[in-house]
Every structure is written in structure tokens, then in C-alpha cells.
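Comments concern the structure below.
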Amino acid sequence: MDMEMDHQPVSELPDEQKERPKVILTGASGYIGHNLMRKLKEDYDIIALSRHGDSREDEEHVEWRSCDFYSMDDALKALQGADYAFYLIHSMMPTAKLTQGDFEDMDAILADHFARAARKNGIKQIVYLSGIVPDGIPEEELSRHLRSRLEVQRILESSGVPVTTIRAGLIVGPQGSSFPILYRLVQRLPIMSLPTWTRTKTHAIALDDVLNSLKNSLGNEKVCGRAVDVGGPDVMSYKEMMMQMAEVLNVERKFIDLPFLTVKLSRLWVTLVTGAPREMAYPLIESLIHPMVAHPNMKVEGISEGRKTFKEAAKESLEEERKKKEEAQQKQESSKGEKSKSDESKESVQKADVRSVQRVTLPEGRNAQWAGEYYTEWLGKALRPFIRTEVSEDGVSRIYIRFFRRPILELTYDASRSDGDRAVYRITGGMFANAKDAHHGRLEFLMIPGSSDCVVAIHDYMPSMPWFLYKYTQAKLHLIVMYAFRKHLEHKGNLGKSSTSKKSGGSVGTVSSAKAEG
């Protein structure tokens, strides 16, 4: 793979020398993505990726593609023909009718699929937008959100493709995540009780400055393979930002320090006041206890320095938001009674699908291939006498309720999509699966690079039983079973460790011997 990069930005070359590299832009319809697209179009051809990209019209220098990064097949196709890639994916919001699992585990799957696809498609550089990581705090004590951002970085780097990680604090811009929460709090509360975390320092940065940092990182050898902190000219506490926001809104607000208000209580009242989705707001608010200030030794000239003050950026964001609302109202009035192509697309994707993701820790020396084989066998033993399992010579696993002649689920091993770190089973039949759509469902075992953690995920599963019945029976039972499987593996791992400590020079057993132990 050719990793050589041009020092000179495309925009600075003479017209006759200009070649427009192709850039993958994930999350192209999202907050950061659609704003970044406007800047990139000046110098790059863009492959814009979205879950519903087929509903978008291509334009000059922009090709839209649909991609669901929970699917490895989708990821491989979507990244074809590109030179560079922006990774702007986050999984805080549900993507299925029923989503079970933590966002951290889903982020790990998305990053792994993207990293594998980037390597196989010869991507020269990945630029990843993350969060500033505070100094002197052990990783296990960081918030869920920051731990996940670090894990995603490691997964992307495991691909061997050079990764540039741009780390930002609070991004000031319309339609974002953290800034609108801050704005709504000041807008709606004349008297504000401020917990301890509101005195934490953060390094706000204007959206436009972040976009410049991202764009200027493409093909830039100075930042290739490293993390870079970015921030604006102001370092302030959240309390100071709220006071400045009140000035921008030209309103009087009274702030009362209340040190006994915990982060958990803060999460509750912030979501109630702002109306922000709990799935998104909770992890972000948990991160506010950490100082997020750009470190001097993590800065790079031409990348790290934001120019707009917090107050300037806040004014511009609110003005842009006002204009967008007016445009949206005018568009709504002029198109009453009509359905746009995107509306029809949104209706068409509403389906009774399930995504369930859980993480387990495997015994030392085991991998995803072993976990997939072992899971079926363990299931038959753990739920005996109610459940029995069988595996045929052709790699098809069938799960039965005892005394039933037909299986409730049939899982077919997909060798073409599996390796030691990944085992994929297609849901190809069974009484519990919707026969019409069963071939889209799959059970996946995926190793987290550099660890013994394995993510066990069900994707695109379409249950055959009525939705209400499924949601409160089979779906709940699956969570119980996965909890029991995780505990069993922890116990098995502990037994293996104690056995190894007693026997020096002991070797890791084979899959078949492990099954005999099960």
C-alpha cells in the first residue's frame, strides 16, 4: 500500500496540476458531516455515506452511497475507489426498532468494520474526530463516552492504515449535541442551580474551526499517525459559558452553586429541561466531570488553533439556526400535501428489526471462532432440559425447544465472512425467525483488537412472533442468556488462570478439549 502523502494542499496547486482525490465522508447527512462536505467540495471529490444515501441526489463532486456499517459487506462496497476517509460515526441513537446493548459495544463493531474495509480498499489515511482526553486520569475512571472514543481510536489504528485523531472539546455550532443542550438550559431556566461539574474547565471551539482542522489534516504528514488536540481562544468553565450565553441571548439569569447535585441527578434534570434524547445526553453529561482542555504537547500549528471566541461562535450558531428554521417553515408551507423522496424512503425503512449487542471476555488464548462454536454447545447444556442444540457436518446449528420437531432458530456458518477474529452465522430459518427476511439476520462474534473482549451481536433479526410478545419474552430471555454466558466465561477464565498458575509450562487447549470441559 502506498502511504506517501503530498505536503502541499490540493487548493494551493496550479490548476493544470490539480487532481481531485476521492474522500469517503461517513455521517455525511449528520451535523458535522454535512457542514464538512461544503468545505471539502472545493478541493475533493466526495463519496458521501449515509444509511439512506439512495434517497439523496448526486451533485457535482458528490456521489451518495447507502451504507450500514453494521454490515461488513456494506462497508467493503462503500469504501471502494477512495483515497482518504473521514470517520464521523457514533452510535448513541438506536438504529433498529429494538436496540439492546451499550453504545460502546456498538461503536466497537462499527469501527472494526470500517477499519477492515479501509485496509482492504487501500485507504491511505483515516481522519477521526474524537474528544479531548484529560491528563492524569486512568482510562478505567474516564466517562463511558471518552473510554469509547479511545477504544475506537485503537480499533481504527489496528487496521494498519495511518490514523489522524482530531480531539475536540465542546463544539459550538447549530444542530450539534453539547452546544444545543447548553443553549436550551440558559434559554429556559431563569434560575439555575449549578452542580460541581459546572466549574470544570473546557476548551470550546467553533464548528468552522473544527472543520478547518479536519480538512487541513488530509494528506498532512505532520499529523499522520498521531492524535491532535484542537481548541478555540477561550478556556472556560461551563458556568462561565452559561453566563456568556445569557449575554448573547440578552437575558438575565441567576446562577446558584449547588455542590451536592450529583452527575446522575444532573443527567435527569438536563434531559427533562432540554428535551435532549437520553441515549445521547447521558454519556455526554457524564463526561462533563473531566477537564477537556487542549494539551500544549498535543497541538500542531495550522491544525490546533481555533480563531473564533465562544461568544462569536455562539452568536453565529444561533443566527444560522434562526435562518434554517425560517427556511424550513417556508419549505413546509410550499410543499404541503406532497411527499418528498426522502420522506418515502424513511417510511420504507420502518421495519420490525432487532439489534442486540453484548460484550463478553473470553478465556486466555480463545478467539471469536472458538466463541461461536462454544456458544451453541453451552446453550444446549445451560438450558437443559428445555433447550437442545445440534450442529450438522455442513456447519448449520439448530436450536430446538425440547420435544419440538422444528428448530426455533437455524444458524448457518458463513466461512467467507469469518476468520479467527470474526465468526459470522446467518439466521437462515427457524420458527422464531421471519422466514421471508431471515436471510438478512445474522449472529456475529467479533474480537476487540488488543484485548480478550468479544462482542456478540445480533443484526437485522426479524422475529416471527407478534412484536409486543417478542419484546417482552424472547428479547428479554436473550439478555438473560447472554448475561449467563458472560458469567460462565468469566468463571471459565478464572479456572483457567488458577490451573495455569499451578502447572508451569501448561499449553492452551484445543477447541475440542474446551468443549469437553464445558
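If the label point is 7 Å along Cα→Cβ of GLU301, which residues in region 232-246 have backbone nitrogen under 20 Å from it?
Within reach of a label on GLU301, which here means backbone N under 20 Å from a point 7 Å along Cα→Cβ, region 232-246 contributes 232-233.
Rank these for me by crowding, ASP394, ASP421, ASP209, going from fewest to most other beta carbons within 10 Å.
Numbers: ASP394 7, ASP421 17, ASP209 24.
Listing ASP394, ASP421, ASP209 from fewest to most nearby Cβ atoms yields ASP394, ASP421, ASP209.
Using θ = phi - 60° and the Karplus relation 6.51 cos²θ - 1.76 cosθ + 1.60, list the HN-Hα couplings for region 459-465 in order, rounded to whole Hz, with x at every Gly or Pro.
Once θ is set to phi - 60°, the couplings for region 459-465 become 10, 6, 7, 10, x, 8, 6 Hz.
Quote the FRET efficiency, to the nearest 0.05, computed for LYS325 versus VAL273 with a Förster distance R0 of 25 Å and r equal to the Cβ-Cβ distance. Please list the in-between numbers first.
Working: r = 20 Å, r/R0 = 0.81.
It comes out at approximately 0.80.
Scan around VAL235 for amide H atoms under 5 Å from its own, H built in the peptide plane at 1.01 Å from N, and keep only partners 5 or more places away or cross-chain.
Result for VAL235 returns nothing.
Using +1 at the C-beta of Lys and Arg and -1 at the C-beta of Asp and Glu, which of GLY176, ILE289, ILE155 has the Cα lying farthest in the positive direction of the dipole of region 10-323?
ILE289
If each of CYS224 and ASP73 carries a label point 7 Å out from its Cα toward its Cβ, how far apart are those two points in nm?
Roughly 3.5 nm, to one decimal.
Can you put LEU98, LEU129 in order of Cβ neighbours within 10 angstrom, beginning with the fewest? Could you put the intermediate results ahead of the total?
Working: LEU98 16, LEU129 25.
With the fewest neighbours first, LEU98, LEU129 line up as LEU98, LEU129.
On a C-alpha basis, how far is the centre of region 108-170 from the centre of region 293-332 in Å? Whole number, if you could?
Measuring centre to centre over Cα atoms gives 23 Å.
Would you kindly derive the ³J(HN,Hα) couplings of region 46-63 from the backbone phi angles with the Karplus curve 6.51 cos²θ - 1.76 cosθ + 1.60 (θ = phi - 60°), listing them in order in whole Hz, with x for Gly and Pro?
Rounded to whole hertz, the list is 10, 9, 8, 10, 8, 4, 10, x, 5, 7, 9, 8, 5, 9, 4, 6, 9, 10.
In nm, what is the difference between 0.36 nm times the number of residues separating ASP58 and LEU98 and their Cα-Cα distance?
Details: separation 40, 0.36 × 40 = 14.40 nm, distance 3.17 nm.
That pair, ASP58 and LEU98, stretches by 11.2 nm at full extension.
Beyond 32 Å between alpha-carbons counts as too far, so tell me which of LYS97/LYS487; LYS124/LYS299; LYS124/LYS487; LYS41/LYS299; LYS264/LYS497 fall in that bin. Before the final figure, lay out the partial values.
Working: LYS97/LYS487 28 Å; LYS124/LYS299 23 Å; LYS124/LYS487 41 Å; LYS41/LYS299 26 Å; LYS264/LYS497 37 Å.
LYS124/LYS487; LYS264/LYS497, as the Cα separations exceed 32 Å there.
What are the trypsin sites (Lys or Arg not before Pro) within region 359-426 that DSSP puts in a loop, where the Cβ has at most 14 other Cβ atoms within 10 Å? Don't skip to the end; give the middle numbers.
Values: sites: ARG359, ARG366, LYS381, ARG388, ARG398, ARG402, ARG405, ARG417, ARG422, ARG426; in loops: ARG366, ARG402, ARG405.
When the trypsin sites (Lys or Arg not before Pro) of region 359-426 are filtered for loop state and at most 14 Cβ neighbours within 10 Å, ARG402, ARG405 remain.
³J(HN,Hα) across region 72-85 via Karplus (A = 6.51, B = -1.76, C = 1.60, θ = phi - 60°), whole Hz, x for Gly/Pro?
Once rounded to whole Hz, the list reads 5, 4, 4, 4, 4, 5, 5, 8, 5, x, 10, 9, 10, 8.
Put one equal scatterer on each alpha carbon of region 442-491, apply the Debye formula with no solvent term, and list log10 I(q)/I(0) at q = 0.16, 0.19, 0.21, 0.25 1/Å to two decimals.
At q = 0.16, 0.19, 0.21, 0.25 Å⁻¹ the computed log10 ratios are -0.59, -0.77, -0.87, -1.04.
Grab every C-alpha pair in region 10-323, bin the distances at 10 angstrom width from 0 up to the longest one, and report whole percents.
6, 26, 35, 24, 8, 1, 0
On a 0 to 90 degree scale, rounded to 10, what angle separates helix 474-502 from the longest Cα axis of the chain?
80
Please give, to one decimal in nm, the separation of the simple spin-label points placed at LEU258 and SER334, each 7 Å out from Cα toward the Cβ.
Distance between the two pseudo-spin positions: 4.6 nm.
If you project the alpha carbons of region 170-232 onto the principal axes, what extent comes out on each, in Å, largest first?
Ordered largest first, region 170-232 gives principal extents of 49, 24, 15 Å.
Mind listing P(r) for region 73-226? All alpha-carbon pairs, 10 Å bins, whole percents.
That works out to 9, 33, 36, 17, 5, 0, in percent per bin.
What spacing in nm lies between the two simple spin-label points modelled at MET431 and ASP135, each 7 Å away from Cα in the Cβ direction?
6.4
Read-outs: derived from the displayed coordinates by stated rules, not from any lab. Just so it is clear, the model here is predicted, and its values are computed rather than measured. Backbone-built Cβ (ideal geometry, glycine too); neighbour counts: all protein chains shown.
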